[in-house]
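Trainee: Structure in structure tokens, see below.
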Amino acid sequence: RWCVWRSTKPIRAELKADREQLARGPEDWLGWWRVRGQGELRCILMTAWDPIGVSDEPDAWDEYDDYVLGVARRLRDAPDPEQGAESVLEYLRRVERDFMELEQAPGGPGDTSTVAYALAAWHEWSYRQGGRAAILDDPPGPT
């Protein structure tokens, strides 16, 4: 037990800091987070990221919960989606390397880089656009 606690202590400290920072966020973001964001992000991490391959196990659906707040904080605090994706990518790769002790294998649909950019796009769509399609100034079609 001590060995497990010792190896998870750094992520636990970071989790606490992420929780405290997120709690001080804008009210509109916090409302979105409580109603939609947290559940959506949890599902995305389990189905799209899933670095240890447990998404088909119903009892394992809380496996990545310790990383949800770290991803959320980085997306929320980024000045734009590109920087959000880069920050999330750095965070998830560190989690994989330092806490899961996995080697990084780039490429493919579950690639961490692909997932990080998809998470930034999701945050933009779900939070900033309210889950609605962007309104185009000039809709496509015949002119």
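The values are calculated or read from the model by the stated rules, or taken from the named source; none is laboratory data. Please read all numbers here as calculations on a predicted model, not as lab measurements. Here the Cβ positions follow ideal geometry from the backbone for every residue, glycine too, while neighbour counts run over all protein chains shown. To get the accessible areas, we keep the full protein, side chains included, count just its heavy atoms, and leave off ligands, DNA and RNA. Shrake-Rupley method; radii C 1.70, N 1.55, O 1.52, S 1.80 Å.
Trainee: Restricting attention to the range 70-80, does a residue exist that is modelled with pLDDT of 95 or more, surrounded by 13 or more Cβ atoms within 10 Å (Cβ to Cβ) and β-branched (Val, Ile, Thr)?
Mentor: Yes, some residue in the range 70-80 is modelled with pLDDT of 95 or more, surrounded by 13 or more Cβ atoms within 10 Å (Cβ to Cβ) and β-branched (Val, Ile, Thr).
Trainee: Of the residues in the range 94-143, how many are at pLDDT 65 or above, over 26 Å from Val54 (Cβ atoms) and acidic (Asp, Glu)?
Mentor: 1
Trainee: To continue, here is another question. Any idea which residue in the range 32-64 is least open to solvent (accessible area, probe 1.4 Å), counting only those that are acidic (Asp, Glu) and over 10 Å from the mean Cα position of the chain (by Cα)?
Mentor: Asp50
Trainee: I need every pair where a residue in the range 5-30 that is farther than 18 Å from Ala78 by Cα has its Cβ under 7 Å from the Cβ of a residue that is at pLDDT below 90 and aromatic (Phe, Trp, Tyr), sequence separation at least 6 or different chains.
Mentor: Cβ pairs passing all conditions: Ile11/Phe99.
Trainee: Return the pairs, sorted by first residue and then second, in which the second residue is hydroxyl-bearing (Ser, Thr, Tyr) and in a helix (DSSP H, G or I), the first residue lies in the range 109-131 and is free of Cβ contacts under 8 Å to residues at least 40 places away in the same chain, the beta carbons are less than 9 Å apart, and the residues are 6+ apart or on different chains.
Mentor: Pairs found: Ala116/Ser87; Ala116/Tyr91.
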